[in-house]
Amino acid sequence: MEVEVKLRLPDAVAHRRVTDVLAPFHVSTHHQENCFFDGSAGELSASRAALRLRFSDNHPRCVVSLKAKAVLVDGVSRVEEDEEELEPSIGRECTAEPGRLKDVESRVLGRVREEFGALGFVGLGGFGNVRRVYEWKGLKLELDETDFGFGTMYEIECESANPEDAKQLLEEFLKDSGIPYSYSEKSKFAIFRTGKLT
């Protein structure tokens, strides 16, 4: 189970203010490409699950993730997640030809085939994300700038075993810094699928 605090920033101005204030705590920046897939008969979406290949530029890497049963309430997301590394060249081949996913040897893809009965795959498209990572007050903060093609969204994520404490600390920081925010109400994947930022 992945548990994250997700706070949405209203615009590029608020995003810039966060990057300025957190600059001394910056650890790394990742340019990510997120590509999503479903079973050829919609097996994953019918079960509220998503299959993602994420490519990152830092060390050419690809991670395959299965996410299911996501719940997002009051800025805290809880989702079942299983992921593993995949050879980037194989990931690229599968992105170009989603049907190849059925033949890839992978624990996660094996689960998709066995638990969801997906025997074929289709690509759903995807989006880009610039993720700035900060180590701040014992928390790992991820500041995202997500380009969906139909608009850009800004969000702070923080994975935590104590999400309420992390959320309180983050909210106090944003309020004290005069930075507007709201609780995220939809996952990035849900926004991508609806084609609307709101």
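The values are calculated or read from the model by the stated rules, or taken from the named source; none is laboratory data. Everything numeric here is computed off the predicted structure, so don't read it as measured data. Every residue, glycine as well, gets a Cβ built from its backbone with ideal geometry; the counts of neighbours run over all protein chains shown. Just so you know, the surface numbers come from the protein's heavy atoms only, side chains and all, with ligands and any DNA or RNA stripped out. Shrake-Rupley method; radii C 1.70, N 1.55, O 1.52, S 1.80 Å.
Run the reach check for Lys196 against lysines, Cα to Cα strictly under 22 Å, same-chain hits fewer than 8 apart removed. What comes back? Cα-Cα hits under 22 Å: Lys6, Lys67, Lys69, Lys186, Lys188. Per-residue SASA remark: Ser40, around 80 Å² accessible (1.4 Å probe; ligands, DNA and RNA not included). Picking from Val112, Val104, Val130, which is most flexible by a Gaussian network model of the chain using Cα springs under 10 Å? Largest GNM mean-square fluctuation: Val104. Computed over the chain, the per-residue total of -39500 (n - 2.57) for DSSP H runs of n ≥ 4 gives a 222 nm mean residue ellipticity of -8000 deg cm²/dmol, rounded to 500. Normalised by the residues of the chain, what does the relative contact order come to in percent, with Cα pairs under 8 Å and at least six apart? Relative contact order comes out at 30 percent.
Qualifying trypsin sites (Lys or Arg not before Pro) in region 103-198, where qualification requires a DSSP coil assignment and no more than 15 other C-beta atoms within 10 Å, comprise Lys137, Lys196. Return the loop-located chymotrypsin sites (Phe, Trp or Tyr not before Pro) in region 109-158 (DSSP other than H, G, I, E, B) with at most 15 other Cβ atoms within 10 Å of their own Cβ; answer none if there are none. Answer by residue number: Phe150.
Report the full-extension gain for the segment Glu87 to Ser177: residue separation times 0.36 nm, less the Cα-Cα distance, to one decimal in nm.
Fully extending the segment from Glu87 to Ser177 adds 28.2 nm.
The candidate values are (1) -0.56, -0.85, -1.16, -1.25; (2) -0.66, -1.02, -1.30, -1.35; (3) -0.43, -0.83, -1.29, -1.39; the one derived from this structure for log10 I(q)/I(0) by the Debye sum over Cα atoms at q = 0.10, 0.14, 0.18, 0.19 Å⁻¹ carries the label (3).
Taking other residues whose beta carbon is less than 10 angstrom from the beta carbon of Ala70, and scoring Lys, Arg as +1 and Asp, Glu as -1, yields +2.
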